[in-house]
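Comments concern the structure below.
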Amino acid sequence: MLDGCCKNNRQSQQELYNWLFGFAMNICYRYTSLPEEAEELTHESFIKLYKNINQFETTRQQPLEPLLKAWFKKITINTCIDFLRRRHSMLNGYALPAESQEIAGSDISGFDKLSYNDIIEVVRKLSPVYRTVFNLFVIEGFTHDEIARKLGISVGASKSNLSKARHNLQKLIVQQNEVKEYATN
């Protein structure tokens, strides 16, 4: 399949696309609030993958599938970050209004009551800045130094955005649990 992709074989590219599409969509879906944008980012990631597939080393002795997936994950994350830089000027230091940082709250944590889909939906409700920093730090495992370099912000801004993202997530989770409890009563 990889050899075929290196030779621009459409059938090989389709096989690779079918194999990795859901994987890429799940990543992109975490970085945007619109399904159309997630699909657009997924397709853009595949274009980058096909353009650069010749750079992927196939001579390694380890299984290639996890290496290819990790490489494509990096491409996809970088595509999402590039998109957010282009689309949302707030990633480059725009301060959010105070009212966008405050969401009705409570000190109750209901994180354990949520399914994976519920958690992703709550994360997607964060502002683009908070969502991006949260995803990079918590889900992707980047350090604040790496996030700062990738997004062109200070380390302090990265830490602050993560803190605000966690605070807002807690409030959103409580709200979501209250809605669920109200609906079941």
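The values are calculated or read from the model by the stated rules, or taken from the named source; none is laboratory data. Remember, predicted model here, so these are calculated numbers, not experimental data. In this analysis, Cβ positions are derived from the backbone assuming ideal geometry, glycine residues included, and neighbour counts consider all displayed protein chains.
Contact annotation: residue pairs with Cβ atoms under 9 Å, 6 or more positions apart or on different chains, pairing a residue in region 136-160 that is within 22 Å of Ala70 (Cβ to Cβ) with a partner that is part of a loop (DSSP other than H, G, I, E, B) and not acidic (Asp, Glu), are Leu136/Phe142; Phe137/Thr143; Ile147/Ile153; Lys150/Phe142.
Being closer than 28 Å to Asp118 by Cβ, outside the structural domain of Arg131 (by TED's automatic domain parsing) and basic (Lys, Arg) is a condition met by no residue of region 31-53.
Out of curiosity, is Ile81 at pLDDT 90 or above and closer than 25 Å to Val155 by Cβ? Spelling it out, it is not the case that Ile81 is at pLDDT 90 or above and closer than 25 Å to Val155 by Cβ.
Rundown of residues vs (1) more than 29 Å from Arg86 (Cα to Cα); (2) modelled with pLDDT of 90 or more, yes/no style:
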{"position": "Gly152", "(1), (2)": "no, no"}
{"position": "Val155", "(1), (2)": "no, yes"}
{"position": "Asn161", "(1), (2)": "no, yes"}
{"position": "Arg166", "(1), (2)": "no, yes"}
{"position": "Leu169", "(1), (2)": "no, no"}
{"position": "Gln176", "(1), (2)": "yes, no"}
{"position": "Lys180", "(1), (2)": "yes, no"}
{"position": "Ala183", "(1), (2)": "yes, no"}
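In region 30-75, of all residues being among the β-branched types (Val, Ile, Thr) and touching an Asp or Glu at 6+ places or on another chain (Cβ under 9 Å), the one that is farthest from Val122 (Cα to Cα) corresponds to Thr58.
Scoring Ser12 on the criteria (1) crowded, with 20+ Cβ neighbours inside 10 Å; (2) over 23 Å from Arg86 (Cβ atoms); (3) at pLDDT 90 or above leaves a single failure, condition (1). Within region 4-20, none of the residues are within 30 Å of Phe134 (Cα to Cα) and in contact with a Ser or Thr (Cβ under 6 Å, 6 or more places away or on another chain).
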